[in-house]
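*Asks:* Let me begin by handing over the structure; questions about it come next.
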Amino acid sequence: MSEQMNYGEDYKYIPMTSISSGEGHEVLPDVYSYTIQVVNLCMVGNPMNPTGWTLVDAGMPKSANAIIREVESRFGSNARPNGIMLTHGHFDHVGAIVELVEHWNVPVFAHELEIPHLRGEKSYPEADPTVEGGLVARMSPYFPNEPINLGNHVEPLPSDGTIPILTDWKWVHTPGHSPGHVSFFRESDRALIAGDAFVTVKQESLFKVLVQEQEISGPPRYFTTDWKQAWHSVKKLKDLKPTVAITGHGAPMKGQVLTDNLTLLVNEFDKIAIPKHGRYVDGLES
Ligand SMILES: [Zn+2]
Ligand SMILES: [Zn+2]
């Protein structure tokens, strides 16, 4: 290893889970969604191909063994991806990445605006416990926000929207929840991996997270710092007319239910998504 990788000083196991933890769903024949506690990651690629597939996002802290176990049960023992794509660098999407990169020795790609948070240079703004929404929001100061350091194992995505290791997909810049947040879209079947641009569970509510009640929701509130951008990003995703969406939190959503819910979210984003009060809303002009 050319350089020592590490997590931030505030890295820790987060004791929070849901009834879906440990569940996997083949959302499409080559798109498999797997839930670690309260967050989803995706394995994109044909299960018959043990090295020609890509991992999207990297789970909760201390979940590397569970991820490797699930990968090997889908792709065979010693299977490894051709790389890891990140929707963004929040702790619940990079929680096992250091161990995974060490284990598989694969490249990681993220938007260039996320890179400082992945090379140990810049913390994310602290989560906002005062935000409207529920117990998870109030627990959020406990969540890690310091940058991890992947050194030169992480590379910026090419600026033209292509993805070097996932050639039939494109990345779409969907900032707001974080500056370099991206979503992944495949034109041929209009499949969308949305990350936290929008989610299908009310992520601030401990009860709704626990039972995974499906409900379209904006990005998780406690970490979202730019609500105007977040709204614009959801519009951008709706305009892609996705037929299926896998989100960072909550169950996948498809077909007319997805279309109707995305339309509702775009039209009523100020009511559904933007909190009435919170550190990153006060001063927001409408
Ligand atoms: Zn996030
Ligand atoms: Zn998340």
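The values are calculated or read from the model by the stated rules, or taken from the named source; none is laboratory data. Source: prediction; values computed, not measured. Because the Cβ atoms are built from the backbone with ideal geometry, glycine has one as well, and the counts that use them run over all protein chains shown. Areas reflect the complete protein model, heavy atoms only, side chains present, ligands, DNA and RNA absent. Shrake-Rupley method; radii C 1.70, N 1.55, O 1.52, S 1.80 Å.
*Asks:* Ignoring everything but the protein chains, give the 1.4 Å probe accessible area of residue 51 in square angstrom, nearest 10.
*Replies:* For residue 51, the solvent-accessible surface is approximately 80 Å².
*Asks:* Evaluate 2.2 N^0.38 Å with N set to the residue count of the range 1-105, then give the Cα radius of gyration divided by it.
*Replies:* 1.02
*Asks:* State the percentage of accessible surface on the range 176-272 attributable to carbon and sulfur atoms; use a 1.4 Å probe and exclude ligands, DNA and RNA.
*Replies:* Result for the range 176-272: 57 percent of the exposed heavy-atom area is carbon or sulfur.
*Asks:* Please give the contour-minus-distance gain from residue 4 to residue 103: 0.36 nm per residue of separation, less the Cα-Cα distance, rounded to one decimal in nm.
*Replies:* 34.3 nm
*Asks:* Same structure, new question: Let me know the charge dipole size of the chain about its Cα centre in debye, to the nearest 20, where only the beta-carbon of Lys, Arg (+1) and Asp, Glu (-1) is charged.
*Replies:* In debye, rounded to 20, the chain gives about 440.
*Asks:* Work from the charge dipole of the chain (Cβ charges, +1 for Lys and Arg, -1 for Asp and Glu, about the Cα centre) and give the residue of 166, 48, 214 farthest towards its positive end.
*Replies:* 214
*Asks:* Residue 257 to residue 167: FRET efficiency via 1/(1 + (r/R0)^6), r the Cβ-Cβ distance, R0 25 Å, to the nearest 0.05?
*Replies:* My answer for the efficiency is 0.25.
*Asks:* Right, another one. Quantify, in whole percent, the carbon and sulfur part of the accessible surface of the range 91-166 (1.4 Å probe; protein heavy atoms only).
*Replies:* Here carbon and sulfur together make up 49 percent of the probe-accessible area.
*Asks:* Ok, one more. Just want to confirm a number: the relative contact order over the range 81-168, from Cα pairs under 8 angstrom separated by 6+ residues, in percent.
*Replies:* RCO, the range 81-168: 32 percent.
*Asks:* Take the chain, connect every pair of alpha-carbon atoms lying under 10 Å apart with a spring to form a Gaussian network, then pick out the residue of 27, 94, 56 with the largest mean-square fluctuation.
*Replies:* Maximum fluctuation in the GNM of the chain, among the listed residues, is at 27.
*Asks:* While we're here: With every protein chain present, what is the per residue accessible area of the range 25-166 (1.4 Å probe, Å²)?
*Replies:* I get 37 Å² per residue for this part.
*Asks:* So how much slack lies between residue 73 and residue 112, counting 0.36 nm per residue of separation and subtracting their Cα-Cα distance, in nm?
*Replies:* Between residue 73 and residue 112, full extension yields 10.7 nm more.
*Asks:* Counting only DSSP beta bridges with both residues in the chain, tell me the antiparallel percent, nearest 5.
*Replies:* If we restrict to bridges inside the chain, about 70 percent are antiparallel.
*Asks:* What list of ³J(HN,Hα) couplings, whole Hz, do you get for the range 32-39 from phi and the Karplus terms 6.51, -1.76, 1.60, once you set θ to phi - 60° and write x for glycine and proline?
*Replies:* Working through the residues one at a time gives 10, 9, 10, 9, 10, 6, 10, 10 Hz.
*Asks:* How compact is the range 189-286 by the rule of thumb for globular proteins, expressed as Cα Rg over 2.2 N^0.38 Å?
*Replies:* 1.02
*Asks:* If 34, 11 are ordered by their accessible area, calculated over protein heavy atoms with a 1.4 Å probe, which sequence runs from highest to lowest?
*Replies:* 11, 34
*Asks:* Now, a different point. Over the Cα atoms of the range 34-82, what Rg and Dmax result, in angstrom?
*Replies:* 10.2, 29
*Asks:* Oh, and also: Would you calculate, for the chain, the mean residue ellipticity at 222 nm contributed by helices, counting each DSSP H stretch of 4 or more residues as -39,500 (n - 2.57) and dividing by all residues, to the nearest 500?
*Replies:* For the chain, the value works out to -6000 deg cm²/dmol.
*Asks:* Cβ neighbours within 10 Å, averaged per peptide: list 36-46, 187-197 in order, most packed at the top.
*Replies:* 36-46, 187-197
*Asks:* Right, something else. Under the rule of at least 5 residues apart or a separate chain, name every residue whose amide H is placed under 5 Å from the amide H of residue 36.
*Replies:* 22, 41
*Asks:* Can you tell me the mean projection area, over all orientations, of the convex hull of the chain's alpha carbons? Units nm², please.
*Replies:* Averaged projected hull area, Cα only: 13.3 nm².
*Asks:* Of the peptides 77-90, 111-124, how do they stack up when ordered by the mean number of other Cβ atoms within 10 Å, highest first?
*Replies:* Result, highest mean Cβ count within 10 Å first: 77-90, 111-124.
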